[in-house]
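The values are calculated or read from the model by the stated rules, or taken from the named source; none is laboratory data. All figures in this text were calculated on a predicted structure; none of them were measured in a lab. Heads up, the Cβs are rebuilt from the backbone with ideal geometry, glycines too, and the neighbour counts pull from every protein chain shown. These area figures cover heavy atoms from the full protein model, side chains too; ligands, DNA and RNA do not enter into them. Shrake-Rupley method; radii C 1.70, N 1.55, O 1.52, S 1.80 Å.
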Amino acid sequence: MKAFLILMSASAIFMMIWLYIIRDRFSYRTYMIVPLSVIHVLYGIFTVKIFAFAESGMQAQSKGAMSLYGAVFFMPVLYRIYALLLKCRPATVFDTFTVGMIFTLICARVNCFISGCCLGKIVPGTQARWPTRELEILYYLILMEVMIFRIRKRKAKGELYPVYMISYGVFRFMLEFFRESGKTGIFHNAHYWSALSVLIGVIALLRVIHKNKKGV
């Protein structure tokens, strides 16, 4: 628990630094960066925990579990609220806070190393495991670097979160075949959430493209 709190604190600090760097995109006062960042992390923790709890059929023993798809599907609710509170374009909020969310997910995966969960399956014929957690962190790092570049160059126009949903859905769908799971059969719950993420992401991306073409 101590390591988790340290990692989430690091995530909040990263968010504060990031919001300060791009403060010219918003009209908020500097002091608002702290509550915006802290609420962002706390809400994210709530989404992953409540999603895992619901996914398990609300079993008491799953209260400490986390499912990153809770953040994937429900962080947009907070971003819409932020857009209203900050009186700015939702696209700007989504693009900006997606970077912070990805960093938080990196911290969450680092916590998996510490807690020893989310292991890859044993590679056939060896005693080694597939590096599923390492690959997911690498995916996040590459995606975050690309997103930061597009935001700093003012090329992002609201498409970053849908792109994240699509790319993560595809990536996680493939990765899930190499991860340990308590489920029997070829497909795990994450396969279905991955497919849903891709579907929602495609719909959202098409909507963003349509709005951008109309100049909305």
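Data overview
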| quantity | calculated |
| --- | --- |
| Flag for Lys211 being loosely packed, with under 15 Cβ neighbours inside 10 Å, farther than 30 Å from Lys2 by Cβ and of a type in the set (D, E, K, R) | yes |
| Any chance Ile137 is open to solvent by 10 Å² or more (accessible area, probe 1.4 Å), in a helix (DSSP H, G or I), among the β-branched types (Val, Ile, Thr) and closer than 23 Å to Ala195 by Cα | yes |
| Residues being more than 19 Å from Gly201 (Cα to Cα) and either open to solvent by less than 20 Å² (accessible area, probe 1.4 Å) or in contact (Cβ under 8 Å) with a residue 12 or more places away in the chain (or both) - total across the range 65-88 | 7 |
| Contacts under 9 angstrom Cβ, first residue in the range 151-163 being within 8 Å of Leu205 (Cα to Cα), partner of a type outside the set (Gly, Ala, Ser) and open to solvent by 100 Å² or more (accessible area, probe 1.4 Å), 6 or more apart | Pro162/Ile203; Pro162/Leu206; Pro162/Arg207 |
| Residues satisfying the stated conditions in the range 140-175, i.e. surrounded by fewer than 19 Cβ atoms within 10 Å (Cβ to Cβ), charged (D, E, K, R), in a helix (DSSP H, G or I) and out of contact with any Leu (no Cβ under 8 Å at 6 or more places or on another chain) | Glu145, Arg152 |
| Counted residues, the range 180-198 - those being open to solvent by 20 Å² or more (accessible area, probe 1.4 Å) and either part of a strand (DSSP E or B) or touching a residue at least 24 places away in the same chain (Cβ under 8 Å) (or both) | 6 |
| Qualifying residue in the range 108-116 (condition: farther than 17 Å from Phe14 by Cβ, crowded, with 19+ Cβ neighbours inside 10 Å and under 11 Å from the mean Cα position of the chain (by Cα)) | no |
| Residue under evaluation Ile39, criteria (1) closer than 18 Å to Phe113 by Cβ; (2) open to solvent by 60 Å² or more (accessible area, probe 1.4 Å); (3) at pLDDT 95 or above, criterion not met | (1) |
